[in-house]
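Here is the structure we will look at.
The values are calculated or read from the model by the stated rules, or taken from the named source; none is laboratory data. As the structure is a computational prediction, the values presented were derived from the model and not from experiment. Neighbour counts run over all protein chains shown; Cβ positions are idealised from the backbone, glycine included. To get the accessible areas, we keep the full protein, side chains included, count just its heavy atoms, and leave off ligands, DNA and RNA. Shrake-Rupley method; radii C 1.70, N 1.55, O 1.52, S 1.80 Å.
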Amino acid sequence: MLTKTLTRIGAATTPVLLAAVLLTGCSTSKNKADTQYVARDVSTLYNSGKDRLDRGQYKLAAALFDEVERQHPYSPWARRAQLMSAFSYYMNTDYAESVSAAQRFLAIHTGNKDAPYAYYLIALCYYEQIADVTRDQKITQQALDSLGELIRRYPDTRYAADARLKVDLVNDHLAGKEMEVGRFYQRRGQWIAATLRFRTVVDKYQTTTHTPEALERLVESYLSLGVPAEAQKAAAVLGANYPGSKWYERSYKLMRQHGGKA
């Protein structure tokens with residue numbers, strides 16, 4: 001999807017392809033230093049950036065597209081160059097720079113036909129940085145917020161369709177974090193704190209893969225807290241929705257041991 005989109009955005013609008021090729025030996029110098037001292041016409045800069053992008057030289061490509069905007073800010077090429085720069089930074093895993101370029105595009109060209117893609121690119125930058133559940137989940141929440149913004153603004157686009165799939169994955173990840181913390185509290189015998197985490201999974205992330213385990217662990221926690229009535233409620237929900245799961249079998253045994261019904 002990304003490649004097709006950028007091919008459309010990045011197609012040259014002039015039949016003239018100038019032969020000039022920008023600096024060689026750029027590996028030892030900063031990208032912007034390679035471009036900032038030489039003024040070039042807009043098509044040369046843009047097509048040189050596209051050439052570098054096609055060759056996988058993403059950091060230099062981004063610098064060249066930035067030069068299009070810097071040297072020719074009022075050209076129609078500058079608008080396309082902003083998105084191409086954002087994409088190049090994304091491909092180089094310079095996510096902060098990619099987000100900045102995409103946000104700059106949106107600030108200037110809010111109603112542009114490529115605005116959905118800019119929102120999508122921002123969301124992808126956060127999505128690609130999601131860490132495992134043992135680490136802070138701030139970036140995960142940013143990914144969820146950005147995906148939600150895209151879906152809200154452009155619900156009928158192909159980008160929104162992909163964003164919905166990613167939202168499910170992000171929610172599953174956030175639920176996994178709640179489970180990881182809840183199990184930690186359980187091991188320490190902090191049953192109230194554990195219960196709050198498992199309830200969050202059941203109430204906020206009920207469509208994720210973690211819900212059956214969360215319900216079973218609620219049964220454990222409520223029984224440990226001495227409130228079998230609440231444990232029975234959790235076990236009943238688990239039995240009604242996941243009757244064949246190992247988590248229901250475990251809750252059933254626990255309830256039988258404590259003289260209750262699952």
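State which residue is nearest to Gly189 (Cα to Cα) when the search covers only the stretch 211-261 and only residues that are outside any helix (DSSP H, G or I) and open to solvent by 40 Å² or more (accessible area, probe 1.4 Å). If you could, list the steps in order and put the result at the bottom.
Looking only at the stretch 211-261, we keep the residues that are outside any helix (DSSP H, G or I), and these are 226-227, 242-245, 258-261.
If we keep only those that are open to solvent by 40 Å² or more (accessible area, probe 1.4 Å) as well, we get 226-227, 242-244, 258-259, 261.
Details: Gly226: 13, Val227: 15, Tyr242: 27, Pro243: 28, Gly244: 29, His258: 19, Gly259: 22, Lys261: 24 Å.
Filtering the stretch 211-261 for residues that are outside any helix (DSSP H, G or I) and open to solvent by 40 Å² or more (accessible area, probe 1.4 Å), the one nearest to Gly189 (Cα to Cα) comes out as Gly226.
Tally time: how many residues in the stretch 126-164 are among the acidic types (Asp, Glu) and either within 17 Å of Leu83 (Cβ to Cβ) or part of a helix (DSSP H, G or I) (or both)? Quick ask: steps written out before the conclusion?
At the first step, the residues of the stretch 126-164 found to be among the acidic types (Asp, Glu) are 128, 132, 136, 145, 149, 156, 162.
From the residues that got through so far, the ones that are either within 17 Å of Leu83 (Cβ to Cβ) or part of a helix (DSSP H, G or I) (or both) too are 145, 149, 162.
Selection size over the stretch 126-164: 3.
Met84 is checked against (1) in contact with a Pro (Cβ under 9 Å, 6 or more places away or on another chain); (2) modelled with pLDDT of 50 or more; (3) of a type outside the set (Phe, Trp, Tyr) and fails just one. What number does that condition carry?
Met84 satisfies all of (1) in contact with a Pro (Cβ under 9 Å, 6 or more places away or on another chain); (2) modelled with pLDDT of 50 or more; (3) of a type outside the set (Phe, Trp, Tyr) except (1).
Of the residues Gln190, Gln129, which is more than 21 Å from the chain's Cα centre (by Cα) and not charged (D, E, K, R)?
Of the residues listed, the single one that is more than 21 Å from the chain's Cα centre (by Cα) and not charged (D, E, K, R) is Gln190.
If the requirement is being free of Cβ contacts under 8 Å to residues at least 40 places away in the same chain, surrounded by 16 or more Cβ atoms within 10 Å (Cβ to Cβ) and not in a loop (DSSP other than H, G, I, E, B), which of these qualifies: Ala96, Ala123, Ala102?
Checking each option against the conditions leaves just Ala102.
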